[in-house]
Amino acid sequence: MELKNCFNDFVHLLFPRLCAACNSTLYANEEVLCTNCMFHLPFTDFHLDANNETARQLWGKIEFESAFSMLHLAKSSWVETLLHKLKYKNQPEIGVYLGKLYAKRIGEFISGIDLIVPIPVHKAKLRKRGYNQAAQFAIGLSDGFNIPCNEQLLLRHILSVSQIEKSRTERYDNVKGEFSLHSKVNVKDKHILLVDDVLTTGATICEAGQLLIENGAKISIATIARA
């Protein structure tokens, strides 16, 4: 055991593990985030308020049991850095870590969920990126809640163009008919936690969620952050 610890210390010396937010060197007992960044994470605590900002943003657009986001997202913030690394810098462990962290934080407030389902990415993006960032968050939640996760339930069969420069109305039009449901999975009477990385207008969540509802499911919604 001592030899193994010495080897690990030597590896860490040559290849130090860095905080995904601030890039400072992580101590042996730290994972993904340093203690300082963890302490300063801007948690929303939306799970404590049924009328939170995420829920209000989705009112009138889709029927749901509850909706909440884990973190506030601000421009040039640590949260933006984390999400960028998760999505574009091949660091899926960030998503899993945040999912486990959030499950621990809100576990006692979650009940009756049968299945966790991430918003899918198109297969072309999946091949390029190697993973679905929303699915990594869902995997962490699944592990923390001990609730099964199904990454294949929803299929994204249209490669949509970027939403960044589009208006709110255009974003809803851009995802129209974009999703389909796996034909061999029955979601009737299931309570599904639908998961995505960032909530902006809610267009993507609503389009995917409505498909689940039309097939007999009820949904709750969770995202890593809210813009």
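Among the residues making up the range 39-52, those that are more than 17 Å from the chain's Cα centre (by Cα) and in contact (Cβ under 8 Å) with a residue 24 or more places away in the chain are His40, Leu48. Just so you know, in the range 170-227 the residues that are touching a residue at least 12 places away in the same chain (Cβ under 8 Å) and among the basic types (Lys, Arg) include one that is surrounded by the most Cβ atoms within 10 Å (Cβ to Cβ), and it is Arg226. Between Tyr88, Tyr27, the distinction of being more than 15 Å from Thr223 (Cβ to Cβ), exposed (fewer than 14 other Cβ atoms within 10 Å of the Cβ), of a type in the set (Phe, Trp, Tyr) and not assigned by TED's automatic domain parsing to the domain that holds Lys128 belongs to Tyr27 only. Here Lys100 meets the list (1) of a type in the set (Lys, Arg); (2) in contact with an Asp or Glu (Cβ under 7 Å, 6 or more places away or on another chain); (3) outside any helix (DSSP H, G or I) almost entirely, failing just condition (3). Restricting attention to the range 126-147, which residues are part of a helix (DSSP H, G or I) and either free of Cβ contacts under 8 Å to residues at least 24 places away in the same chain or more than 11 Å from Pro92 (Cα to Cα) (or both)? Scanning the range 126-147 gives Leu126, Arg127, Lys128, Ala138, Leu141, Ser142, Asp143, Gly144, Phe145. Which residues, taken from the range 162-201, are at positive phi and at pLDDT below 95? Of everything in the range 162-201, just one residue is at positive phi and at pLDDT below 95, namely Gly177. Listed by position, the helices (runs of 4 or more DSSP H) contained in the range 1-85 that have at least 3 residues being out of contact with any Ser or Thr (no Cβ under 7 Å at 6 or more places or on another chain), farther than 30 Å from Ile113 by Cα and at pLDDT 95 or above are 35-39.
Summed over the range 100-125, residues that are in contact (Cβ under 8 Å) with a residue 40 or more places away in the chain and small (Gly, Ala, Ser) total 2.
The values are calculated or read from the model by the stated rules, or taken from the named source; none is laboratory data. Since the model is a prediction, treat every value here as computed from it, not as a measurement. Using ideal geometry, Cβ is built from the backbone for each residue, glycine included, and neighbour counts are taken over all protein chains shown.
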